[in-house]
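Just so it is clear, none of the values below were taken in a lab; they were calculated from the coordinates. The structure presented is a predicted model; accordingly, all values stated were derived computationally and were not measured. Every residue, glycine as well, gets a Cβ built from its backbone with ideal geometry; the counts of neighbours run over all protein chains shown.
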Amino acid sequence: MNERLIVWVPRLITIIAIIAPLTFYYFTSGSLSNFIMPVLNPPQEFISFDPSSIRIISINYTTTDGRYLLNVELFNSGNNKVGLNKLYARITVPSSNIDGKIILQAPFILESGEKESVHILFLLEKGSIEDLMIILEKGSPVNLSGNVTLILNSIEIPFEFSISNFRFPK
Amino acid sequence: MEKFRILYLISGIIFLIISIAGGAWWELIGGEVSKPFLYIGFSPFDFKFEILGLEFLKPPPLIIGLFLCERLLAIIGSITIIAGSLLYKKTWSQRLFNLRPFIMPVLFIVLILIGITIIISSAQQYIPIVAEVLPNLNDALMPYSSQYLTINLYPILYIDASLKIKTLSQFTFKFWMALFSGLLCLVASTIRRKEAKK
């Protein structure tokens with residue numbers, strides 16, 4: 001076989017392999033802007049999700065063995081299915097010298113327009129539970145930090161968070 | 001068959017399989033590895049940016065065309081290497097050898113490092129909100145570096161809050177196999193040159 005042919009055939013194929021796909025995609029894209037511009041498809045869940053659509057309707061508590069079990073009734077006024085799989089956080093209220101940990105007792109999911117009672121274990125380390133209830137009912141700012149797994153429609157998003165001067169939505 | 005041809009043959013076969021298989025060489029996973037809510041996968045043949053399992057960014061036809069070019073070049077390069085190593089009785093067979101399996105993974109690493117350090121730094125410098133919202137984006141994207149992406153919510157939601165999302169930035173098994181194939185190819189090329197000098 002001719003050696004020159006052996007060298008040139010792969011080179012020719014290489015040139016075709018570069019030109020052909022670009023030419024094909026250029027002519028099928030319709031215009032130069034379509035050819036060079038990427039397409040963004042932001043998920044509707046993120047666009048339409050409003051954290052303030054989750055509202056606290058009522059909070060009360062029971063005491064067992066020196067621990068407090070908060071019973072929080074929530075309402076989802078948004079369009080997305082929202083819930084929590086895990087929640088482990090520290091809550092502090094600097095103005096009232098309250099410090100404690102909150103742990104979600106069981107995962108929950110709130111459908112759009114649905115109410116549900118959520119049980120949260122509260123381990124008070126400083127301050128009194130009565131003061132905390134007053135603060136939560138007034139919507140006074142608290143500091144929260146910890147780990148949570150958020151459920152948003154069909155997906156779960158685990159993350160660490162830290163929020164200063166957070167006011168529970170009422 | 002000479003030793004270098006065996007090395008070329010193995011290298012060509014591995015690189016051909018990698019080129020045909022496609023998929024990511026570098027990936028960034030946000031959230032749990034088994035069920036990520038953020039996934040970015042990149043290779044010379046492919047790009048994927050998914051949020052919640054749905055395509056967030058579709059590359060333009062120009063980039064899709066370039067990926068196809070790269071893949072065809074890799075396939076052609078592998079086939080010529082395989083042919084060159086098998087046709088050992090032909091005097092012209094050595095003209096078919098090339099270093100594409102080595103060049104591609106090396107250029108890919110350079111591209112990833114340049115992309116992360118220069119492009120992201122420039123974006124953070126010229127679009128200040130990127131630096132404010134994602135202060136450790138560089139670290140989170142850099143392979144085997146930070147394991148968290150910090151999102152500062154104040155600049156976008158005016159809430160004094162930050163989120164830390166578990167991330168994993170890594171080169172995939174396909175990349176390491178491509179690099180292994182490239183190193184075999186480089187060794188084969190060195191042996192071939194040494195033998196030619198004798």
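The table below gives the values:
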read-out	value
The range B:101-140-the range A:92-156 distance, computed between alpha-carbon centres (Å)	38
Candidates per trypsin sites (Lys or Arg not before Pro) in the range B:12-109, loop by DSSP, up to 11 other Cβ within 10 Å	B:89
Under DSSP loop assignment and at most 14 Cβ neighbours within 10 Å, longest GluC sites (Glu not before Pro)-free interval of chain A	A:1-110
Distance in nm between pseudo-label sites at residue A:13 and residue B:176 (7 Å out along the Cβ direction from Cα)	3.2
Folded to 0 to 90 degrees: helix B:173-197 orientation relative to chain B principal axis, Cα	30
Nearest-ten-degree value, helix A:129-138 long axis tilted from longest Cα axis of chain A	60
Translational D in µm²/s for the range B:83-165 (Stokes-Einstein at 25 °C, 0.890 mPa s, Kirkwood Rh from C-alpha pairs)	152
Angle in degrees between helix A:3-29 and the longest Cα principal axis of chain A, rounded to the nearest 10	50
Residue pairs, from the table B:48/B:174; B:3/B:90; B:48/B:164; A:81/A:138; B:89/B:174, whose Cα atoms sit over 25 Å apart	A:81/A:138; B:89/B:174
Choice from A:136, A:87, A:32 showing the highest fluctuation, given a GNM over chain A with Cα pairs closer than 10 Å	A:32
Environment charge of residue B:88, counting only residues whose C-beta is closer than 10 Å and scoring Lys/Arg +1, Asp/Glu -1	+2
Gyration tensor verdict on the protein assembly as shown (Cα atoms; rounded if a/c is under 1.5, prolate if a/b is larger than b/c, oblate otherwise)	prolate
Residue of B:144, B:39, B:154 that the Gaussian network model of chain B assigns the largest fluctuation, springs spanning Cα pairs under 10 Å	B:154
Unit Cα scatterers, Debye sum, chain B: log10 I(q)/I(0) for q = 0.18 Å⁻¹	-1.18
Given charges at beta-carbon only (K, R positive; D, E negative), |dipole| of the range B:40-95 in Debye	440
Where N is the number of residues in chain A, Cα Rg divided by 2.2 N^0.38 Å	1.81
Shape category assigned to the range A:1-77 from the gyration tensor of Cα positions, a/c cut at 1.5	oblate
Computed magnitude of the charge dipole of the protein assembly as shown (debye, nearest 20; Cβ of K, R +1, Cβ of D, E -1)	2400
Residue among B:61, B:105, B:44 with the largest mean-square fluctuation in a Gaussian network model of chain B, springs linking Cα atoms under 10 Å	B:61
